[in-house]
Amino acid sequence: MNTTFKNQIPCVLLSSNTINARGDDKLFRLQPLPYTQDALAPYISEQTVQFHYGKHLATYIENTNKQKAGTEFENQTIEEIMLKAEGGLFNNASQVYNHYFQFEAFQPSRQNEDKPGKETLLVLEKEFGSFEEFKAKFSQAAITLFGSGYAWLTLNAENHKPEIIQTHNAENPLKAGKVPLLNIDVWEHAYYLDVQNLRAKYVENFWKIVNWKVVEERLKAAKK
């Protein structure tokens, strides 16, 4: 990880300013979704969104608030806490980031699957040969991750090459010097209400609601 990356966290969570906004009580609060709770159906149901975003994410935020109270992290952002804290505070702050990151890159479901923007497509084709080959490799990473965690499309902070990686539990690529562009949550609570244990079906559905405009903006921000 280079010095610039250490000292300046890449602004690839586009809603960072919003999720880090706090009042006089210094507490983080669950922010509204950029779409209605039923907008991702039939690929992700309203019930799953209510539980995943409305309850799981809300709990991670509540725990982060409790665990940062009276510590050196009291006034820090979610990103700063995630990169510097350890133990339970890290786990909860990182899960706040990871969840916002995924839900930010969803859009209301459409009949036809969207395609990546110009810069994103160029990067994917150069590294993986084609968009379809990228999708296949990303899907495989998500399906084969053992236990709970995430599959990510990242940009290496050193050489700006795209990489597909797996992380377990709450881990985030930023801690390893990799800039996240897209993620998929494969904790069971992300899909069990909809497809039970059929993770592959959940991954297939994921591609129907990816907001590639968000990924394109993240890529441009990462390259600055």
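Structural remarks
- Taking every residue in segment 96-108 that is closer than 13 Å to Ile44 by Cβ and pairing it with any residue that is among the basic types (Lys, Arg) and in a helix (DSSP H, G or I), at least 6 positions away or on another chain, the pairs with Cβ-Cβ distances below 9 Å are Ala105/Arg218; Gln107/Lys213.
- Ala200 being within 21 Å of Pro42 (Cβ to Cβ), under 13 Å from the mean Cα position of the chain (by Cα) and modelled with pLDDT of 95 or more: no
- Checked against (1) assigned to a loop (DSSP other than H, G, I, E, B); (2) surrounded by fewer than 16 Cβ atoms within 10 Å (Cβ to Cβ), Gln76 passes all but a single condition, namely (2).
- Filtered residues of segment 200-209 (kept if of a type in the set (A, V, I, L, M, F, W, C) and either surrounded by 20 or more Cβ atoms within 10 Å (Cβ to Cβ) or in a loop (DSSP other than H, G, I, E, B) (or both)): Val203, Phe206, Trp207, Ile209
- Residue, modelled with the lowest pLDDT, within segment 9-58, restricted to residues that are among the β-branched types (Val, Ile, Thr) and under 17 Å from the mean Cα position of the chain (by Cα): Ile9
- Any chance Gly54 is over 30 Å from Trp207 (Cα atoms) and out of contact with any His (no Cβ under 6 Å at 6 or more places or on another chain): no
- Pairs with Cβ under 8 Å, 6+ apart, first in segment 203-220 and in contact (Cβ under 8 Å) with a residue 40 or more places away in the chain, second in a helix (DSSP H, G or I) and of a type in the set (Lys, Arg): Trp207/Lys135; Glu216/Lys118
- Qualifying positions in segment 45-73 - assigned to a helix (DSSP H, G or I) and either touching a residue at least 60 places away in the same chain (Cβ under 8 Å) or hydrophobic (A, V, I, L, M, F, W, C) (or both): Gln47, Thr48, Val49, Phe51, His52, His56, Leu57, Ala58, Ile61
- Exclusive hit being in a helix (DSSP H, G or I) and either out of contact with any helix residue (DSSP H, G or I) (no Cβ under 7 Å at 6 or more places or on another chain) or crowded, with 18+ Cβ neighbours inside 10 Å (or both), set Leu193, Leu219: Leu219
- Candidates Lys6, Lys115 - the one that is of a type in the set (Lys, Arg), modelled with pLDDT under 95 and not in a helix (DSSP H, G or I): Lys115
The values are calculated or read from the model by the stated rules, or taken from the named source; none is laboratory data. Quick caveat: nothing in here was measured; it's all calculated off a predicted structure. Every residue, glycine as well, gets a Cβ built from its backbone with ideal geometry; the counts of neighbours run over all protein chains shown.
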